[in-house]
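Worksheet: the structure to be examined is printed underneath.
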Amino acid sequence: MVSNINTPELKETSKFLKTSRRVLLALQHLIAMFGATVLVPILTGLDPAVALIAAGVGTLIFHLCTKGKVPVFLGSSFAFIPVIITVKGMYNGDLTYAQGGIVVAGFIYVIVSLIIKQVGVDRIKNVLPPQVVGPMIILIGLNLIPVAIDMAKVKLWVAAITLGTALLITFKGKGFFKQMAILSGVIVGYIVCLAIGFVDTSIISKAAIVSIPNFTFPKFDIGAIAIITPVVLAVFMEHVGDITTNGQVVGKDFIKDPGLNRTLLGDGLATLFAGLIGGPANTTYSENTGVLALTKNYDPSILRLTAIFAIFLGFVAKVGGFLRSIPTPVMGGISLMLFTMIALIGGKNMKTNIKKYDAGIIIVIASMLIIGLGTTYLQKYTGINLGIPINENVTISGLSLAAIVGIVLNAILNTNKLVKTK
């Protein structure tokens, strides 16, 4: 007698397993974004709990604006750190004026998105061919790798164990277990740190079970707005690079569908919302794109579940305390893996789409890589800033400067050159 495979019991078991897998995948994304998202408010004086809620709600807003098509998570933007700190000093520590500037910056994003909608995506894509987009993606990854190395150096051997575990599962794992490489690496690294007493468990014990975040309303002053809003010029190209990278990982053209205007609108509204409640500006996270590349699971609803978890953490301090207790070298090992994946995706983009590497294309690629890496690393290790100053607090450098140079050079040298078609 053959048993009925469609019994209610088996259906419930299957549903439970499916839900459990979605939760685990969302937890990986949560771990990937958590450190950077709470670090920005810690450095600027904003409330980390509010930042988590702003990131969660902002991500949901983004998914609503992009028709739920783009598997992106939005977290706290590092680009706004210097100007927030500057405004904080100008107004005797009152961060509500910085919030006002963040709200206006978000509104500018919304205006730009409307302009792009009128101009048309084809014109945007004409100025962003593979010889410009590829190096942009590479630079996103390579500019983040030193951050991962700095974290890993705290205890290099712990980072190596974490990274090694994640890589082993990535290359040797099977089925769903292979998708758990990041979470598995973090768990192994955490256990090792517990064994050697390198985990600050007081962070967990001191955290309240439930807490109300410090929500604040913005104040508006032309001085603060003038300092903060120019950052939009610097982060626009980063947004284009992140969305393009995400599309390369997933295998879809998100610049075209749902459209750059919609992704910018989502980013802008998320930043505007963050400013209204007391959080830092939001931006698309390369860390989570790296998770997509490793797990090969591109379901946008997983990122929405991650957003719900982030909102939950904003009110449940005990769980947030546990995530904050993850040792720095553990996160360093995992981050090194994620950021390297981003750089490799940029190389793959050029290999797939560029038909012929003639002198004009090589000049564009080389110029972008030299400028993007040179300005970033020179400033990091010597303090010399070769960027273009917008005002005394904002300078276009690194990825943004490389992108501008690449677009201009490409327009001069490579007009009407064909690329491969998929």
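Shape class for the range 122-278: oblate, because the ratio a/c of the largest to smallest gyration tensor axis (alpha-carbon atoms, square roots of eigenvalues) is 1.5 or more and b/c is at least a/b. Packing order of peptides 177-184, 404-411, 349-356, 379-386, highest average first: 177-184, 404-411, 349-356, 379-386 (average count of other Cβ atoms within 10 Å over each peptide's residues).
Would you mind ranking ILE115, ILE371, ILE388 so that the residue whose beta carbon has the fewest other beta carbons within 10 Å leads the list? Present the calculation step by step, with values, prior to reporting the outcome.
Details: ILE115 10, ILE371 23, ILE388 15.
Ranked by crowding around the Cβ, least crowded first: ILE115, ILE388, ILE371.
For the range 247-399, a simple Cβ point-charge model (Lys and Arg +1, Asp and Glu -1, everything else neutral) yields a dipole of about 360 debye relative to the Cα centre. Taking 7 Å steps out from each Cα toward its Cβ at ALA359 and ILE187 produces label points 5.8 nm apart. For mean projected area of the Cα convex hull in nm², the value calculated from this model appears in (1) 23.9; (2) 19.9; (3) 25.1 under label (1). Ranked for footprinting exposure by Cβ neighbours inside 10 Å, fewest first, PHE107, PHE80 give PHE107, PHE80. Pairs exceeding a 18 Å alpha-carbon distance, out of LYS67/LYS256; LYS296/LYS348; LYS117/LYS348; LYS206/LYS318: LYS117/LYS348.
Applying the Karplus relation 6.51 cos²θ - 1.76 cosθ + 1.60 with θ = phi - 60° to the range 132-142 yields 3J(HN,Hα) values of 9, 5, x, x, 4, 5, 4, 5, 4, x, 5 Hz, where x marks Gly and Pro. Net charge in the neighbourhood of VAL72 (other residues with Cβ under 15 Å of its Cβ; Lys, Arg +1, Asp, Glu -1) is -2.
Amide hydrogen proximity for LEU74: with H placed 1.01 Å from N in the peptide plane, the residues at 5 or more positions away or on another chain lying under 5 Å are THR59. Couplings 3J(HN,Hα) for the range 77-89, derived from phi with the Karplus relation 6.51 cos²θ - 1.76 cosθ + 1.60 (θ = phi - 60°), are 8, 6, 4, 8, 4, x, 6, 5, 5, 4, 5, 4, x Hz, where x marks Gly and Pro.
Label zone (VAL121, point 7 Å along Cα-to-C-beta; backbone nitrogen cut-off 16 Å) within the range 261-295: 261-267.
Counting only other residues whose beta carbon sits under 13 Å from that of GLY398, what net charge do I get with K and R as +1, D and E as -1? Surrounding charge for GLY398 is 0.
Taking Cβ atoms as reference points and 13 Å as the exclusive limit, the residues near GLY141 contribute a net charge of -2, counting Lys and Arg as +1 and Asp and Glu as -1.
Taking other C-beta atoms within 10 angstrom as a stand-in for reagent exposure, PHE176, PHE171, PHE273 fall in the order PHE171, PHE176, PHE273, fewest first. Distance between the pseudo-spin-label points of SER205 and ILE384 (7 Å out from Cα toward the beta carbon): 5.1 nm. The HN-Hα couplings worked out from phi for the range 340-346 by the Karplus form 6.51 cos²θ - 1.76 cosθ + 1.60 (θ = phi - 60°) are 5, 4, 4, 4, 5, 5, x Hz, whole numbers, x standing for Gly and Pro.
FYI, it's all coordinate maths here, none of it is from the lab. As the structure is a prediction and not an experimental result, all values here were calculated from the model. As a convention, Cβ positions derive from the backbone with ideal geometry for all residues, glycine included, and neighbour counts pool all protein chains shown.
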